[in-house]
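Following: one structure in C-alpha cells, then a few remarks.
The values are calculated or read from the model by the stated rules, or taken from the named source; none is laboratory data. As the structure is a computational prediction, the values presented were derived from the model and not from experiment. Note: ideal-geometry Cβ built from the backbone for every residue, glycine included; neighbour counts use all protein chains shown. Calculation scope for accessible area: heavy atoms of the full protein, side chains included, ligands and nucleic acids excluded. Shrake-Rupley method; radii C 1.70, N 1.55, O 1.52, S 1.80 Å.
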Amino acid sequence: MTATVVEASPCRAGAIAQAYELARRSTVNMWRQPQAWAPGLFFPLMLTAVYAAQFAKAIHQPGFPPVDSYLDFVLPASVLQAVAFGATGGAAELAKDIENGFFDRLVTSPVSRVSILVGRIAGSAIFAGFQAGLIMVLLIAFGVTIKGGVASAAVIMITAVLLALGIGGLGLVLALRSGSQEIVQSTFPVLFVLLFVSGTFWPTSLMKGWYGNVARHNPITWIIEPLRELVIEGWSWGSAGRALGITFGLAVFTTSLAFATMRARLRRL
Amino acid sequence: MTESPLTTGQRVSSIAHDFGVFRALTARGMMRMRRIPALIIPAIMMPMFFVIAFSGSFSALANVEGFPTPRVINWMVPYAILQGASFAGMGAAGGTATDIEGGFFDRLLLAPCRRPILMVGPLGYSALRSLIPTTLVLLLSLALGADLPGGALGLLCLYVAAVGVALLFGTLGLAFVYKFRSLKSLSIVQIFIFGFMFLSIGQVPLALQSGWLQHAARLNPMTNILRLSRQGFLGHVTWHGTWPGLVAIAGLVLGFGAVAYRNLRRIVP
C-alpha cells in the first residue's frame, strides 16, 4: 500500500498541488450531482428558445440593435444567466463542508488556507467556462454568428469564468460567515432580480422611466452590453476591455473579501 | 349481505358531515398559512416582481404592430397573477405532502370521512389562498398604472381564472404527492407550471410569435385561460373570450383530479 505524502510546509508548490486536488474534488463532486448543475443549463437554454420565438417579430422595431435574429441578441445573456445561476454551487458546497465538519478537519490539517477557498471556487469557474462554450456551440448551431470571431468567443468564455469567480467569491463570504447552505442559496432571488432588471433580455435604450434608469445602472448591463457588441457588431478592444475589466474587478474584490472573511473566521476558532 | 339504501335524512346528514370535514381541512390549511407566513410570501412577491420586471423590460412591445394594448402593464398583469395563483395553488399539495411525511395523513385516512373530501378540502385551501396574491398584485398593478376597461365583469373573469389555475395546479400537485408521497415531488409540478406558462401567450400575443412556439401556444390550454383572465384589461368581456377558458379550466381540473383521486385511492395507511 502506498500513501500520498502531502507537503506540510506552506511552500507555493505545495499550495498549488493542494488547490489542484481540492479543485478536482469539487469538480468531481459537481459532476456526480447532475441535479445541481443541469437546471443551470436547462433553464437558460429553455428561456432562450422561448424568447427567440416570442420576440422574433419584435426585433424589427426602431431602436432595436441590428440583428438577424433574437438569438444573436440574447447569446451573451444566456451565457451570463447560466453562469449566475450555477456560480454559487462551490460556495454552497463549502457551507455543506462547514455544516458536516469537513471544513474543520481541513483547517486542522496542514493544508494551505488559500487552497481551501481556491479549490472550492475553481470548480465553479471551470464549469462556467464549460457552460459558456456549450451554449455558444449550441446557439451557433442554430444560426448565431459571432461577428467578432474566435477572439470574441474567447472573451465571452473568460468573462463567464471571471463572473463565476466574482459571484462565487460573494457566495464564499456568505458561506464562511453563516456556515449555512440555505443562506448561500438564498442569493438566487437576488441574482434573479439583478438579471431581469437589466439589459439581459431587452435593450435598455427601449426601456422607459425609472425602470430604464435602474437597468442602465445595473452592473449586469455593464457586462452584457459590451459582450453583445462583440457578438453583433464585431471585435472591439474597448468592448472586450470593458467586459473583462468589470468582471476581473468584481472577481478580485469578492475573492479578496472571501480570504479576509476566512482569516477572520480562523481567528475566531 | 346487502347495504340498505340511505334515507333522505341520512343523505342530508352525510352531505353536512362531508361539508364539515371540507371546511375543517380548508380552515386547517389557512391556519397553517397564518402561522407560517413564509408559505405564502413567495407566491406574493414573485408575481409582484414579474409585473414590474416584465412591464419595465418589455415596455417597448406596445410599439410593435399587432400588440393589442398601448399599455404593456395591462397585458402583463393577468400573466403575473396567474403565475402567483399557480404557486399559491401548489399549497394544497405542499400541505398534504407535509402531512404524509409526518404521518398525520395516515390518521386522516383512518378517520370516518370519505376519501374525496380529503382531496377537496386542501383544494379549498388552495382556492382561498390564491385570492391573496391575486388581490395584492392587482392593487399594485392599478397603482402602477394598469386599468380595467372591462369593469366588474373583467374583474370577475380574472378571479375565476386565478382560482381555476390554483385548483388545476393544486390537483396536479396532489396527483404527484399521492403518487410519490414526498414534498420533493413538487419540483416536477414547478416544471409543469413553467411549461404551461412560458409556452403560451403569457408575454406576447399569438400573432407576434413565430415557429414552434406559436404552434405550442395555440395548443396549450393555458392560452385560453390567459385570454379569459385578460379580457377585462384589454376591453369588454365577451362570451367568445370566456367559454374556452372555462372549458380549459374544467377539463384540466377534472383530468388532473381523476389522476389524483386514483393515486389517493391506492394509498394504504
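Filtering segment B:251-267 down to residues that are in contact (Cβ under 8 Å) with a residue 12 or more places away in the chain and open to solvent by 50 Å² or more (accessible area, probe 1.4 Å), which residue is farthest from B:Gly102 (Cα to Cα)? The selected residue is B:Val259. Tallying residues that are polar (S, T, N, Q) and farther than 17 Å from A:Gln81 by Cβ within segment A:186-221 yields 3. Any residue in segment B:162-171 that is aromatic (Phe, Trp, Tyr) and either within 14 Å of chain A (Cβ to nearest Cβ) or crowded, with 20+ Cβ neighbours inside 10 Å (or both)? For segment B:162-171, residues aromatic (Phe, Trp, Tyr) and either within 14 Å of chain A (Cβ to nearest Cβ) or crowded, with 20+ Cβ neighbours inside 10 Å (or both): present. Close Cβ contacts (under 7 Å, 6 or more residues apart or on different chains) running from residues in segment A:85-105 that are more than 18 Å from A:Arg263 (Cα to Cα) to residues that are charged (D, E, K, R) comprise A:Gly90/A:Arg120; A:Glu93/A:Arg120. Here A:Val74 fulfils each of the conditions (1) under 25 Å from B:Pro205 (Cα atoms); (2) modelled with pLDDT under 80 apart from (2). Just one of the listed residues (A:Val114, A:Val107, A:Val155) is within 16 Å of the chain's Cα centre (by Cα) and assigned to a helix (DSSP H, G or I), and it is A:Val155. Every listed requirement among (1) of a type in the set (Ser, Thr, Tyr); (2) within 11 Å of chain A (Cβ to nearest Cβ); (3) in contact (Cβ under 8 Å) with a residue 24 or more places away in the chain is met by B:Thr69 save one, (2).
Screening segment B:58-78 for residues that are buried (at least 24 other Cβ atoms within 10 Å of the Cβ) and modelled with pLDDT of 90 or more and picking the one that is nearest to B:Arg265 (Cα to Cα) gives B:Pro78. Just one residue in the set A:Val28, A:Val67 is away from chain B (no Cβ under 11 Å), open to solvent by 20 Å² or more (accessible area, probe 1.4 Å) and modelled with pLDDT under 85; that residue is A:Val28.
Screening B:Ser55 against (1) crowded, with 18+ Cβ neighbours inside 10 Å; (2) more than 14 Å from chain A (Cβ to nearest Cβ); (3) among the small types (Gly, Ala, Ser) leaves a single unmet condition, (2). Residue pairs whose Cβ atoms lie under 6 Å apart, separated by 6 or more positions or on different chains, with the first residue in segment B:128-152 and within 19 Å of B:Val237 (Cα to Cα) and the second polar (S, T, N, Q), are B:Ala146/B:Asn74; B:Gly150/B:Gln231. Of the residues making up segment A:43-62, one or more are within 14 Å of chain B (Cβ to nearest Cβ) and of a type in the set (Lys, Arg).
Among the conditions (1) more than 14 Å from chain A (Cβ to nearest Cβ); (2) assigned to a helix (DSSP H, G or I), the only one that B:Met76 does not satisfy is (1). Of the helices (runs of 4 or more DSSP H) lying entirely inside segment A:163-269, those containing at least 1 residues that are open to solvent by 10 Å² or more (accessible area, probe 1.4 Å), in contact with an Asp or Glu (Cβ under 8 Å, 6 or more places away or on another chain) and over 17 Å from A:Ala77 (Cβ atoms) are A:181-185. Name the residue that is farthest from the other protein chains (Cβ to nearest Cβ), counting only residues in segment B:33-48 that are surrounded by fewer than 17 Cβ atoms within 10 Å (Cβ to Cβ) and not aliphatic (A, V, I, L, M). Top of the filtered list is B:Arg34.
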